[in-house]
1. Could you grab the Rg to Rh ratio for segment 2-51? Cα atoms only, Kirkwood for Rh.
2. For segment 1-104, state the semi-axes of the equivalent ellipsoid (square roots of 5 times the eigenvalues of the alpha-carbon gyration tensor), sorted largest first and rounded to whole angstrom.
3. If we count other beta carbons within 10 Å of each Cβ, what is the order of Ser177, Ser8, Ser193, Ser150, fewest first?
4. So what's the back-of-envelope 222 nm ellipticity for the chain, counting only DSSP H runs of four-plus at -39500 (n - 2.57) apiece and dividing by all residues, rounded to 500?
5. If you put +1 on each Lys and Arg Cβ and -1 on each Asp and Glu Cβ, how big is the dipole of segment 10-181 around its Cα centre, in Debye rounded to 20?
6. How many nm is it between the label spots at Ile71 and Glu158, if each spot is 7 Å from the Cα in line with the beta carbon?
7. Give the whole-number value, in cubic angstrom per residue, of the convex hull volume spanned by the C-alpha atoms of segment 135-198.
8. May I ask which residue of Trp170, Phe155, Val180 lies farthest towards the positive end of the charge dipole of segment 10-181, with charges of +1 (Lys, Arg) and -1 (Asp, Glu) on Cβ and the Cα centre as origin?
Amino acid sequence: MDFFETVSKRRSVCRFSDRPVAHRDILSMLEAAILAPSATNEQPWRFIVIRDKNLKEGMRDVVNAMVEATIAATGDKSRRKRLVWMQSHSTHFADAPVAIAVLARPWVGGGYSEPTHPARRDLALESVAMAAAHLQLAATALGYSSCFASSPAEFAREELEALLGVEQPWFLVGIVSLGVAGKRPGKRPPRKSVAEVSTFIG
């Protein structure tokens, strides 16, 4: 499969078969991830590969509890509906053969910004997002499916970090669900055209 075919075939898949993911393939995906570019080549990423079923289920239960508490606390009907939809999309990692927690640490930079400046976190997130994209493209090239979800961290970052033993300055960015798709993905959601999103100067 060439590069453009891999990009075309990559889809976000939330339902997986019971087939395992080969350890050597996970290592290949991680090798691809760490080849991603990063701000000043700091490589501010870490990956926790979770295959333990009980841990994944415990993480799911924590996220569910936090989402349900958020739903109970809101009186906005449309927001409640959105949260209910988000609940399943925040916990599909528990049913995947492999869940990969993606971590970042604040970018250190060249010393021209204060430690609390938003750029330190933003540049770390941009770098880690590229690594996660590399990982998912490698998964596609190897015949697997995946889905990146940031919502587990949005709902239950501190609780999940405690379960995973994450220590500062590292923080959870999201979780990649990984495995063999349980069924063929449906039609790809529409994408804007190149003309809609591009401007050429010169």
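Bear in mind these aren't lab numbers, they're just calculated from the coordinates by the rules spelled out. Keep in mind that what you see is a predicted model, and the values were worked out from it rather than measured. Neighbour counts are summed over all protein chains in view; Cβ atoms, including those assigned to glycine, are modelled from backbone coordinates with ideal geometry.
1. On the way: Rg = 13.8 Å, Rh = 13.6 Å.
Rg/Rh for segment 2-51 comes to 1.01.
2. Numbers: eigenvalues 178, 64, 53 Å².
The equivalent ellipsoid of segment 1-104 has semi-axes of 30, 18, 16 Å.
3. Numbers: Ser177 25, Ser8 12, Ser193 8, Ser150 17.
By the 10 Å Cβ count, ascending: Ser193, Ser8, Ser150, Ser177.
4. On the way: 7 runs with 94 residues, N = 202.
One gets -15000 deg cm²/dmol as the mean residue ellipticity at 222 nm.
5. In total the dipole reaches around 580 debye.
6. 2.3
7. Values: hull volume 10.8 nm³, N = 64.
Value for segment 135-198: 168 Å³ per residue.
8. Result: Val180.
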